[in-house]
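Novice: Okay, here's the structure, questions in a sec.
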Amino acid sequence: MNIDGPAPAQDTASALFGMPWLRVVEAEPEDDGTLTVWAVPDAPARCPGCGSPASGVHEHVAAAAKDVRCGGRPVRLRLHKRRLECREPSCPVNTFTEPAPPLPPRCKVTPRLKDQAACDVTDRGVTPAGAARYAGLAWHTAHDAFAGRADQILDAPLAPVAHLGIDEHRRGRPRWRVNPETGEYELLADRWHTCFTDLSGGQRMIGQVQGRTADDAAYWLALAPPAWRDRIQAVCIDMCSIYLSAVRRALPQAQVAVDLFHVVHLAVNTLGDVRRRAIRDKYGRRGRSGDPEYGIKNLLTRNLEHLSPEQFAKAAGILGQDAAGQQIAAAWIAKEKLRHALNLRARTTGSTPCERQVRDRLFAFYDWCAQNQDIPELVSLARTISRWQDHIVCAVLSGVTNAGSESLNRLAKLEARVAYGFRNPAHQQRRVQIACARTARRTEPRVRSVTRIRKQTVTKRQHEPG
Ligand SMILES: [Zn+2]
């Protein structure tokens, strides 16, 4: 039953209790620490059939509901309602219960207690089990309240996205079992999610699908409205041909940039491979502490410009001693030549790079790898880089990185740990999405335009070239 007009003025106790249309008549602490609050409706009682005032009282009924804590104590609301009579001859209604808007009929939990549990999960990172325990509710009640609130946020239409990030995220641990016939381990389940992130705006994670195939990613993109897809200018991915084919299929107009962190990571891994092979060739065993090459392995992975002159002299001295060292040095130089090309991005230099310059430096990297074609790892690295060259150049020129997607992986993992793992993938998806949309979509979005990001990059501290 709807009641029009403003709620009546309340006495002090009712105002403190904070429910309009209810008047508190008594509060009584119980032995178990609960506070029982007795209240009566404070709304005009009119017949729902004819609208005339009630003619008399038929009977008294009591309703009880759990309410939000007061001063740390659980509260039980006891509502005394009257069943009233209508004696209008033409009215089909004989009796009706007087309305109490804050507590709908047959509710055992006040709506504001459910709201509190939903907010605890959505905004404070509490699990539904924790929120339910604090509110004194069943798990499913707290979870349903959270799901209702979260779905409302997640189902809202997306704001336009200029730069989209696509990344994979592992759901739980892979499961193995021993094959009784062969005695070998075989993979039972290895489940992944594909996450979509707004890299240029403030929406953070905007979508997630189960699986990490091209079809999975393309499926999510195909579900988005065509007008929203058309406004995507660039997509940032890891060096992953699966997502590249999905983007080519669903977003033919968008430029594709690869995340430069993964490019450098590949070069550092190649350097490690060369070092391990060269040490095995030289000593006939794996490296150990005491070997000169082993002692500088961490220096080689650092950026050249971050080495002190003494550290550089130490590494160069050790690598110059024999043929094994020369091979490691060649891989080290290749890594730095590749970084030299990537360092042209505006975030590092403070000025917009020129495409010719980037391609020239990449050519110098290929040239170096060709000069050292007796090192198979370098040939393989050069092949991979040349396959992704256009996307690397795009990333250097546009300054788009997938760091925004990678940073959310940690939040997603934290959600799974706080929950002690998930059995239900749909529940996990909802919890991860709402946690990763935390600061942006759930509250007022921080709108950052693409041009503003460029301005920020230009004013960054400049690194001294190595
Ligand atoms: Zn009536």
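Novice: Does segment 25-173 come out rounded, prolate or oblate, given a ≥ b ≥ c as the square roots of the eigenvalues of its C-alpha gyration tensor, rounded meaning a/c under 1.5 and, failing that, prolate meaning a/b above b/c?
Specialist: Working: a/c = 3.77, a/b = 1.76, b/c = 2.15.
Oblate, since a/c reaches 1.5 and b/c is not below a/b.
Novice: Could you give each residue of segment 111-124 its phi-based ³J(HN,Hα) in whole Hz, using Karplus coefficients 6.51, -1.76, 1.60 with θ = phi - 60°, and x for Gly or Pro?
Specialist: x, 6, 6, 5, 4, 5, 5, 5, 5, 4, 6, 6, 9, 10
Novice: Amide H of V68 versus every other amide H placed in the peptide plane: which residues, excluding those fewer than 5 positions away on the same chain, fall under 5 Å?
Specialist: Here L113 satisfy the definition.
Novice: What's the ranking of 116-124, 151-159 by average number of surrounding C-beta atoms within 10 Å, highest first?
Specialist: Numbers: 116-124: 19.8, 151-159: 12.2.
In decreasing order of mean packing, 116-124, 151-159 become 116-124, 151-159.
Novice: With a/c under 1.5 counting as rounded, go ahead and sort segment 319-375 into rounded, prolate or oblate using the C-alpha gyration tensor (a ≥ b ≥ c being the square roots of the eigenvalues; past the cut-off, prolate if a/b is larger than b/c, else oblate).
Specialist: Details: a/c = 5.19, a/b = 2.16, b/c = 2.40.
Here segment 319-375 falls in the oblate category.
Novice: Here is a further query. Rounded, prolate or oblate: which fits segment 373-419 when a ≥ b ≥ c are the square roots of the eigenvalues of the alpha-carbon gyration tensor, with rounded for a/c under 1.5 and prolate only if a/b beats b/c? Can you show the working numbers first?
Specialist: Values: a/c = 5.62, a/b = 1.88, b/c = 2.99.
Oblate is the answer for segment 373-419, as a/c is 1.5 or above yet b/c matches or exceeds a/b.
Novice: From the helices alone, meaning DSSP H stretches of at least four residues, give me the mean residue ellipticity at 222 nm for the chain, per-run term -39500 (n - 2.57), in deg cm²/dmol to the nearest 500.
Specialist: Mean residue ellipticity, 222 nm, calculated: -14000 deg cm²/dmol.
Novice: Another question about this same structure. With the crude spin-label approximation of a point 7 Å out along Cα→Cβ, what separation in nm comes out for E355 versus R249?
Specialist: 2.8 nm
Novice: Skip the ligands, DNA and RNA, and give the accessible area per residue of the chain with a 1.4 Å probe, whole Å².
Specialist: In whole numbers, the chain has 54 Å² accessible per residue.
Novice: Sort the following peptides by mean Cβ neighbour count (other Cβ atoms within 10 Å, averaged over residues), highest first: 216-227, 93-104, 254-265.
Specialist: The packing order, highest mean first, is 254-265, 93-104, 216-227.
Novice: Over the chain, what is the percentage of antiparallel beta bridges among all DSSP beta bridges, to the nearest 5?
Specialist: Working: 41 of 55 bridges.
Within the chain, antiparallel bridges account for around 75 percent of the total.
Novice: Taking H placed 1.01 Å from N in the peptide plane, check which residues at least 5 places from R204 or on another chain put their amide H under 5 Å from its amide H.
Specialist: D198
Novice: Got a number for carbon plus sulfur as a percent of the chain's accessible area, 1.4 Å probe? It would help to have the intermediate numbers written out before the result.
Specialist: On the way: 12940 of 25280 Å².
Here it works out to 51 percent.
Novice: Also: Give me the extension gain from Q371 to R280: residue separation times 0.36 nm, minus the current Cα-Cα distance, reported in nm with one decimal.
Specialist: On the way: separation 91, 0.36 × 91 = 32.76 nm, distance 2.31 nm.
Full extension from Q371 to R280 adds 30.5 nm.
Novice: Roughly speaking, what is the centre-to-centre gap between segment 377-423 and segment 240-283 when only Cα atoms are used, to the nearest Å?
Specialist: Rounded to whole Å, the Cα centres lie 9 Å apart.
Novice: Okay, moving on. Using the Karplus curve 6.51 cos²θ - 1.76 cosθ + 1.60 with θ = phi - 60°, what ³J(HN,Hα) values do you get for each residue of segment 404-419, in whole Hz, with x for Gly and Pro?
Specialist: x, 6, 5, 5, 7, 4, 5, 5, 5, 5, 4, 4, 5, 6, 4, 8
Novice: Here's another thing I want to ask about it. Averaged over all directions, how much area does the convex hull of the C-alpha atoms of the chain cover when projected, in nm²?
Specialist: On the way: hull surface 143.8 nm².
Projected area, direction-averaged: 35.9 nm².
Novice: Right, here's the next one. Considering only the other residues whose Cβ falls under 14 Å of the Cβ of L137, what net charge follows from Lys and Arg at +1 and Asp and Glu at -1? Display every interim value, and only then the final one.
Specialist: Numbers: positive: K66, R69, R76, K108, R112, K114, R133; negative: D67, D115, D120, D144.
Neighbour charge sum, excluding L137 itself: +3.
Novice: Rounded to the nearest 0.05, what FRET efficiency is calculated for A62 and R383 with R0 set to 51 Å and r the Cβ-Cβ distance?
Specialist: On the way: r = 79 Å, r/R0 = 1.56.
Result of the calculation: an efficiency of 0.05.
Novice: Calculate log10 I(q)/I(0) of segment 3-52 for q = 0.19, 0.27 Å⁻¹, where I(q) comes from the Debye formula with a single equal point scatterer on each Cα and nothing for solvent.
Specialist: Cα-only, vacuum Debye calculation for segment 3-52: -0.70, -1.01.
Novice: HN-Hα J couplings of segment 234-247 from phi, Karplus 6.51/-1.76/1.60, θ = phi - 60°, integer Hz, Gly and Pro as x?
Specialist: With coefficients 6.51, -1.76 and 1.60, one gets 9, 10, 10, 9, 6, 6, 9, 5, 5, 5, 4, 5, 5, 5 Hz.
Novice: Taking 8 Å as the Cα distance limit and 6 or more residues as the minimum spacing, I'd like the relative contact order of segment 318-431 as a percentage. Intermediate values should be presented prior to the final figure.
Specialist: Numbers: 68 pairs, mean separation 25.9, N = 114.
Once divided by the residue count of segment 318-431, the mean separation gives 23 percent.
Novice: Could you give the length gained on full extension between L411 and V264, defined as 0.36 nm per residue of separation minus the Cα-Cα distance, in nm? The partial results should precede the final answer.
Specialist: On the way: separation 147, 0.36 × 147 = 52.92 nm, distance 2.42 nm.
Additional length available on full extension: 50.5 nm.
Novice: Of the listed peptides 33-40, 82-89, 339-346, what is their order by residue-averaged count of other C-beta atoms within 10 Å, with the highest listed first?
Specialist: 339-346, 33-40, 82-89
Novice: Amide H of R191 versus every other amide H placed in the peptide plane: which residues, excluding those fewer than 5 positions away on the same chain, fall under 5 Å?
Specialist: Amide H to amide H, under 5 Å and 5 or more residues apart or across chains, R191 pairs with R171.
Novice: Got the relative contact order for the chain handy, in percent, Cα pairs under 8 Å and 6 or more residues apart? Let's see the in-between values first.
Specialist: Working: 736 pairs, mean separation 59.0, N = 466.
Relative contact order for the chain comes out at 13 percent.
Novice: Another question, then. Calculate, for L158 and V40, the FRET efficiency according to 1/(1 + (r/R0)^6) with r their C-beta to C-beta distance and R0 56 Å; round to the nearest 0.05.
Specialist: Numbers: r = 47 Å, r/R0 = 0.84.
For R0 = 56 Å, the calculated efficiency reads 0.75.
Novice: Please list K282, K108 in order of solvent-accessible area, largest first, computed with a 1.4 Å probe with all protein chains present. Show your work: numbers first, answer last.
Specialist: Values: K282 85, K108 140 Å².
So the residues, ranked largest to smallest area, are K108, K282.
The values are calculated or read from the model by the stated rules, or taken from the named source; none is laboratory data. Bear in mind that the values here come from a model prediction, so they are computed numbers and not experimental data. No Cβ is skipped: glycine too gets one built from the backbone with ideal geometry, and neighbour counts run over all protein chains shown. Areas reflect the complete protein model, heavy atoms only, side chains present, ligands, DNA and RNA absent. Shrake-Rupley method; radii C 1.70, N 1.55, O 1.52, S 1.80 Å.
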